[in-house]
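The values are calculated or read from the model by the stated rules, or taken from the named source; none is laboratory data. Remember, it's a predicted structure, so these values are computed and weren't measured experimentally. Counting neighbours? That spans all protein chains shown, and the Cβs are built from the backbone with ideal geometry, glycine included. These area figures cover heavy atoms from the full protein model, side chains too; ligands, DNA and RNA do not enter into them. Shrake-Rupley method; radii C 1.70, N 1.55, O 1.52, S 1.80 Å.
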Amino acid sequence: MITKQYAIDNLPYTGRVIIRCENGSVESIRNVYNNEHVASFNALIDLAKSAGYSIVSPDGIKL
């Protein structure tokens, strides 16, 4: 477990960070690098569709 104060004290001056909490406690902290993106699965599907890809589930249903 990471204390909330430790998490705050160790945030980068510039950048993006993912903080995972469980039951009110900070469980992990991770830097998000410039070549990485964070998005929901639905946002990923929308991005792929806007780029012209067809998304088909394993059972053959087009999303």
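Kirkwood's formula applied to the C-alpha pairs of the chain gives a hydrodynamic radius of 14.6 angstrom. Report summary: the helix-based calculation at 222 nm, which adds -39500 (n - 2.57) for every DSSP H run with n ≥ 4 and divides by the residues of the chain, gives -7000 deg cm²/dmol.
Of the listed residues Ser40, Ser50, the order by accessible area with a 1.4 Å probe, largest first, is Ser50, Ser40. Using R₀ = 35 Å, calculate the FRET efficiency as 1/(1 + (r/R₀)^6) where r is the Cβ-Cβ separation of Arg30 and Ile55; round to 0.05. Rounded to the nearest 0.05, the efficiency is 0.80.
Between helix 41-50 and the chain there is an angle of about 50 degrees, using the helix long axis and the longest principal axis of the Cα atoms. Phi-derived couplings, Karplus 6.51 cos²θ - 1.76 cosθ + 1.60 at θ = phi - 60°, listed residue by residue for the stretch 31-39: 6, 9, 7, 4, 8, 10, 10, 10, 7 Hz, with x used for Gly and Pro. For the chain, the per residue solvent-accessible surface stands at 88 Å², with DNA, RNA and ligands left out and a 1.4 Å probe.
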